[in-house]
Amino acid sequence: MLTEKYKVLKALGYLGNNFPDFIPDVVVVLGSGQGDLAQEFSPFAGLDYAHIPEFAVSTTAGHAGTLFLCRFQGVALAIMSGRVHLYEGCSPNEVVRNLRVLGMWGAKKAVLTNAAGALNPLFSTGSIMLVTDHINMTGENPLAGENLELWGPRFPDMSSAYCPALRNLAFKKALAAGIHLERGVYMGIKGPSLETPAETRAFRRLGADAIGMSTTLEAIASRHMGIRVLGYSCLTNKNLPDCMAETSHEEILAEVRKINRNLVTLLKETLPHIGRD
């Protein structure tokens with residue numbers, strides 16, 4: 001853990017030295033196929049993860065691995081275009097390292113987006129789900145091991161992992177914009193294999209409405225640091241265990257791109273208010 005602390009502080013030092021007049025209010029993590037959305041916020045700087053000392057670098061298609069810095073309607077945004085995942089062979093600490101760096105830099109809110117499969121049969125492909133809670137089925141936790149009080153308490157409360165006030169704001173803005181927004185529980189699994197019909201049936205019975213391979217560890221690390229979290233899942237496919245249709249990563253990315261316009265609208269409507277709250 002001391003080594004992980006060193007890596008976070010080294011990356012933080014690099015960003016602070018190169019951008020001394022910038023402190024992020026909000027971190028936005030863009031998931032699979034969503035990275036291009038950062039350009040909608042007119043970034044004044046873009047840094048490849050590989051150029052930031054000790055930043056974790058993504059290897060997955062659809063995750064560019066670029067940190068964009070923006071000022072949007074008076075709010076300072078640090079937008080992560082891409083993330084790393086457990087299935088890439090990364091440790092839990094690597095999965096959340098970049099977010100921890102930005103939290104140490106000053107961000108007090110995080111908007112986590114992802115591409116997910118719909119488990120709830122009432123949800124439609126192409127819609128967006130507001131994450132109300134999550135189930136961490138990865139078998140991993142970024143807080144395991146020695147706790148660093150610098151980041152948060154040994155046993156952080158997770159009774160409101162996804163901030164109710166931010167969820168209410170997002171729902172009101174979606175309603176005003178005429179965007180249908182589902183609400184439900186996200187399940188995070190390790191991957192990279194997609195779910196079998198039996199797994200889909202079991203996960204639905206556990207209470208999950210959507211499923212993906214990210215987000216849960218980031219939400220845990222964020223809450224550990226006192227960062228308030230808002231989550232959006234872009235529902236790219238529908239998992240019906242009795243008539244499972246084959247899908248692929250390429251098809252999922254193509255579906256995300258169709259959803260992105262509504263996601264951009266939601267982000268533009270909510271981020272100015274989130275950042276000033």
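Every read-out reported here was derived from the displayed coordinates using simple, explicitly stated rules and does not represent laboratory data. Because the structure is predicted, anything quoted here is derived from the model rather than measured. For neighbour counting, all protein chains shown are included, and Cβ atoms are generated from backbone atoms with ideal geometry for every residue, glycine included.
For the reader, a short list of remarks on this structure follows.
- Full-extension gain in nm, residue 59 to residue 45, via 0.36 nm per residue minus C-alpha separation: 2.9 nm
- Sites listed here are trypsin sites (Lys or Arg not before Pro) in the stretch 69-163 whose DSSP assignment is loop and whose Cβ has at most 10 other Cβ atoms within 10 Å: 154.
- Fraction of antiparallel bridges per DSSP, the chain only, in percent to nearest 5: 35
- Highest to lowest packing among 182-190, 23-31, scored as the average C-beta count within 10 Å: 23-31, 182-190
- Amide hydrogen proximity for residue 25: with H placed 1.01 Å from N in the peptide plane, the residues at 5 or more positions away or on another chain lying under 5 Å are 76, 77, 78.
- Of the chymotrypsin sites (Phe, Trp or Tyr not before Pro) in the stretch 1-55, those whose Cβ has at most 11 other Cβ within 10 Å and which sit in DSSP loop: 44
- Residue-wise HN-Hα coupling along the stretch 119-125, computed from phi with Karplus coefficients 6.51, -1.76, 1.60 (Hz; x: Gly, Pro): 9, 6, x, 8, 8, 9, 4
- For the stretch 28-125, the alpha carbon convex hull comes to 130 Å³ per residue, rounded to a whole number.
- For the pair the stretch 134-212 / the stretch 88-127, the C-alpha centres are spaced 9 Å from each other.
- Eligible lysines near residue 258 by straight Cα distance, threshold 28 Å, same-chain separation 8 or greater: 109, 172, 173, 190, 238, 268
- Inverting the pair-averaged 1/r between distinct Cα atoms of the chain gives 18.6 Å as its Kirkwood hydrodynamic radius.
- GluC sites (Glu not before Pro) within the stretch 98-175: DSSP coil, no more than 10 neighbouring Cβ in 10 Å: 146, 149
- Applying a length cut-off of 18 Å (Cα extent along the axis) and a mean Kyte-Doolittle floor of -1.0 to the DSSP H helices of the chain leaves 2-18, 92-105, 164-177, 249-276.
- The helix-based estimate of mean residue ellipticity at 222 nm for the chain, built from -39,500 (n - 2.57) per DSSP H run of four or more residues and divided by its residue count, is -11000 deg cm²/dmol to the nearest 500.
- Inter-label distance for residue 135 and residue 3, nm, one decimal - labels placed 7 Å from Cα along Cα-to-Cβ: 3.4
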